[in-house]
Structure formats: C-alpha cells, structure tokens
Amino acid sequence: MIKKRILMKKINYSYDYWTKRNWYYHTYLAKLYQYFIPSGVSILNVGYNSILLDAIKPKHGGTIEPKKLKKTPQQNTNLPSQPYDYLILSSTIHEVDDVQDLFESLKPFCSAQTKIVIDFYSFLWEPILWITKKLRLSRPIPLKNWISSYDLKNFMHLAGFDVITHHRKLLVPIYIPFISWFFNTFIANLPLINKLCLVEILIARPLPEKGTPQNLTVSIIIPCKNERGNIEPAVLRCPPMGTKTEIIFIEGNSKDGTAQEIERIIKKYPEKNVKFFKQDGKGKGDAVRKGFEKATGDILMIQDADLTAPPEELPKFYHALIEGKGEFINGSRLVYGMETEAMRFLNMIANHSFALSFSWLLGQRLKDTLCGTKVLLKKDYEKIAANRYFFGEFDPFGDFDLLFGAAKLNLKIIDLPVHYKQRTYGSTQIRRFYHGLLLAKMSVIGLKKFKLY
C-alpha cells in the first residue's frame, strides 16, 4: 500500500504524464505560442513547460525555474546569451510567492526590444480547476495566486513593464470532436463571451529607461501623384531631425508635371538632401514599400504629399519613437478639430468604424487606421517585410500592411494626434465606395489572420 502511494505521488507530479493526459490543452497552448512568437529567436522559458520551446524552435533557448532566478546577470551563470528576444512565463504566476519580485527578476534578461509572453488561468475558472484536481483530472499542484488581468498588469507596471496586448483564448479545454474546434475558433473570440475563456495571455515589453534619447538618422518618405503644387512646400516644411534627415519622393506617373517639379526642387535646395525615384507599380502601398527600400535612415516616416497632416508635427513622432513611448507611432486625425472640408462626413464615420474594427482585430487600441503619417524604426520594418508572407501582398494603401505586420510582431502601437488640414492643391485620390470595399476585404483578412487561427 505504501509503495502504491509513493508511485501515485510520482505520477501526480510528473509533468510529462499530465501533458499526455491533457494533450488537447497543451497542444492548443503550444499553437498559441507558435503564433505569438516567431521561430529563430532567442527564448528564456521561466517555468516548467519545456514543451513550448520544442514547439517554437528558437535559435537558442534556456529554461529556469522561477525560484532559481536571480536579480543580477552575474548570479545567473547557468544561462546563455543574455538578453533574450522573448521570455515565456506559462502558468508561472500561479505558483510563485511574490509576483512582483518574479517580474523584477526578469530585468537582467531583457533588452529594450525584448517581449514577455505570459499565460495564466482566468480567476473565473478557479472552482472548476479545483474540482479537476480533486478528481485527479489535472496536475495536482498548489495554485497559490488567482490574479485578475487588471492586477497582473498593475504588477507588471510596478516592476517596470508595459503591456502591449491582452488576449483571451480556449473556452473548451478538452477535446470534443467539432465542438472544441468551433467554440475555440469562433465563439471564444466574441466580445463579452471571451471573458469566459480559460487562458489569458499578456504580451509586454520593458518600460523605456529614462535618459538622453539616442539621436538617429531619419528618412521621410513622400509618395506623390499629381501633387506638383505641394512639392516645394513639403520640402520647406519638413523639419530636420536626428543627426541627418533625407526626404525621398516616390512619384507615381503624374500628369501635372510633378516629376519635373521634384527635379527642380532637388537642384534648388541641395542642402535639403532630397531624393527622387519613379514608382514601378501602382498604389500608395507600392510607393511606400519602394521608399522604405531606398531609405538609408534609422527611422522611417511616411508623410502624405497633400500636406493635410502638417509636416511640422513630425518631430513629435520622432521623439515618441526614440524615447520609447511606442515602437510604431500611428498618426490620428480624429482627436483635434478639423478644418472645414478636411474630411467628408461619410469618410469620418467610416474611419471611426474601421478603427473600432481593427482595434478589436489587432488587440491594440487605434483611433485612426488611415492617417498617412506612420513612423517606425527601419530594423522593425525589415522584420515586418520579412514576415510579409504571412499576410501576402494585400494592401494597396500601405497602412494595413504596416499595422498588421507591427501587431503580428508584438510591436507597441500608439496613436499620436495630428491636426488635420484642408488640401490646398489638387484633389483627393480617395474613391469612397471602391476603397470602402477594399477596407472591408482587409477586415476579413485581418479576421482570418488575427482571430480565426
């Protein structure tokens, strides 16, 4: 009888045993981590679930139990290559004595670009999981902490971390043919209902350290077609930023002499470091991608040639980025009052509607998805471009290619309000109903890629 109890105790605390027994839950969790974390990165797994490292296939990774973490790199001599690209904490917060102390112990393994992925059980499931343990249906470990997402976000803020996104997944944690797939793929994503999900996932980053912001070089990309009267004002109004600023016009086969005007301006203002390239394809998105390809700056900025978003406000984007306020700075025209006729009423309604839709899809709050002013680091854009196969070449505007890519890479997206002015030269190239249909199509693409995976 004693031997039987000892054997049962060993089985109860064998992680592999419970992984196999609850295979659907662990397979689903591994799938989530494969979605949120790209392969080929460095990962530190803080916890007991080594299956996740095998699923993600990192470039290199390490695993450490939370109680063995030390607050200085010198004390963590058994761990390779710090800092890491990603830190994983899978159900870890339930088993530690001090959650804030745990998060503070992560700092030696973080750079400014490190992302922390945390999964934890919703406190609504506490009675159900208590019953499953009593019935020996799940691993019988003491779950010390049942913390709400609000409390966990507060712990992270106190420890010096900034939450990027919050996801809720898995309504049915056991395998029931068709039922599990249907509920976990569709029903679990519905607003309000998703609050009933078992698994909550937070993705965070270290808060930027205070200090002197680093000066970087800047490339301002200006796609233009039939904007002849706006070329010289754009060059004169774009302020110098960082250690060097270049202005790159991508001209899209204009009929009003825009190309000739750019060439004239380059000769007239040699000190402005203006460059000019002809667009190969069609659409603003194609022009933006070519401009980013030709850019030499550390920071990439998009400035619409119609100048409705004033170039004088670009330094706000520059400082927000280099000070670490966000990793993708998105202009928002829907905060300040607008000039008369700056935006038609139906366009405004559509912008608000799509902003709500894409905020839900991306898991980050957006006020305005179609403002042309967007700013990010070139090294982050290169990651977006490398990951473009995930979405495909779907965006004629260029805005959603960047927003989708930034959200998929867990970049912190923040809105920066701009003053929206009336166009003074030329006419808008927006075709309301045609472009509205394209936006609806992109919403469907976003739904498939961000929710129904």
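Of the residues Ser111, Ser90, which single one is at pLDDT 90 or above, of a type outside the set (Val, Ile, Thr), surrounded by 15 or more Cβ atoms within 10 Å (Cβ to Cβ) and on the phi < 0 side of the Ramachandran plot?
Ser90 is the lone residue from the list that is at pLDDT 90 or above, of a type outside the set (Val, Ile, Thr), surrounded by 15 or more Cβ atoms within 10 Å (Cβ to Cβ) and on the phi < 0 side of the Ramachandran plot.
Say whether the condition of being over 27 Å from the mean Cα position of the chain (by Cα), of a type outside the set (Phe, Trp, Tyr) and crowded, with 19+ Cβ neighbours inside 10 Å is met by at least one residue in the stretch 213-224.
Within the stretch 213-224, one or more residues are over 27 Å from the mean Cα position of the chain (by Cα), of a type outside the set (Phe, Trp, Tyr) and crowded, with 19+ Cβ neighbours inside 10 Å.
If I go through the stretch 247-272 residue by residue, how many of them are under 26 Å from Lys316 (Cα atoms), surrounded by fewer than 18 Cβ atoms within 10 Å (Cβ to Cβ) and touching a residue at least 24 places away in the same chain (Cβ under 8 Å)?
Number satisfying all stated conditions: 2.
Got a sec? Which of Leu170, Leu137, Leu129, Leu124 is surrounded by 13 or more Cβ atoms within 10 Å (Cβ to Cβ), of a type in the set (A, V, I, L, M, F, W, C) and modelled with pLDDT of 95 or more?
Leu170
Consider only pairs whose beta carbons are under 8 Å apart and that are at least six residues apart or on different chains; among these, list those whose first residue lies in the stretch 296-313 and is farther than 15 Å from Asn330 by Cα and whose second residue is part of a helix (DSSP H, G or I) and aliphatic (A, V, I, L, M).
What qualifies is Ala305/Ile231; Ala305/Ala234; Leu307/Ala234.
For the stretch 277-295, what are the residues that are touching a residue at least 12 places away in the same chain (Cβ under 8 Å), surrounded by fewer than 18 Cβ atoms within 10 Å (Cβ to Cβ) and under 21 Å from Leu314 (Cβ atoms)?
Phe277, Lys294
Out of the stretch 384-398, which residues are crowded, with 18+ Cβ neighbours inside 10 Å and modelled with pLDDT of 80 or more?
Within the stretch 384-398, Ile384, Phe391, Gly398 meet the criteria.
Can you name the residue in the stretch 308-332 that is of a type in the set (D, E, K, R) and assigned to a loop (DSSP other than H, G, I, E, B) and, of all such residues, is surrounded by the fewest Cβ atoms within 10 Å (Cβ to Cβ)?
If we take residues in the stretch 308-332 being of a type in the set (D, E, K, R) and assigned to a loop (DSSP other than H, G, I, E, B), then Glu323 is surrounded by the fewest Cβ atoms within 10 Å (Cβ to Cβ).
Answer with yes or no whether Gln303 is surrounded by 17 or more Cβ atoms within 10 Å (Cβ to Cβ), over 27 Å from the mean Cα position of the chain (by Cα), under 16 Å from Gly398 (Cα atoms) and not hydroxyl-bearing (Ser, Thr, Tyr).
No.
Exactly one of (1) within 26 Å of the chain's Cα centre (by Cα); (2) under 27 Å from Ile37 (Cα atoms) is unmet by Phe182. Its number?
Of the numbered conditions (1) within 26 Å of the chain's Cα centre (by Cα); (2) under 27 Å from Ile37 (Cα atoms), the odd one out for Phe182 is (1).
Evaluate the stretch 24-32: report whether one residue or more is polar (S, T, N, Q), at pLDDT 75 or above, outside any loop (DSSP other than H, G, I, E, B) and within 19 Å of Leu202 (Cβ to Cβ).
no
Given the condition buried (at least 19 other Cβ atoms within 10 Å of the Cβ), at pLDDT below 85 and closer than 30 Å to Leu29 by Cβ, answer yes or no: does some residue in the stretch 428-451 qualify?
Within the stretch 428-451, one or more residues are buried (at least 19 other Cβ atoms within 10 Å of the Cβ), at pLDDT below 85 and closer than 30 Å to Leu29 by Cβ.
The values are calculated or read from the model by the stated rules, or taken from the named source; none is laboratory data. No experiment lies behind these values; they were computed from the predicted model shown. Neighbour counts run over all protein chains shown; Cβ positions are idealised from the backbone, glycine included.
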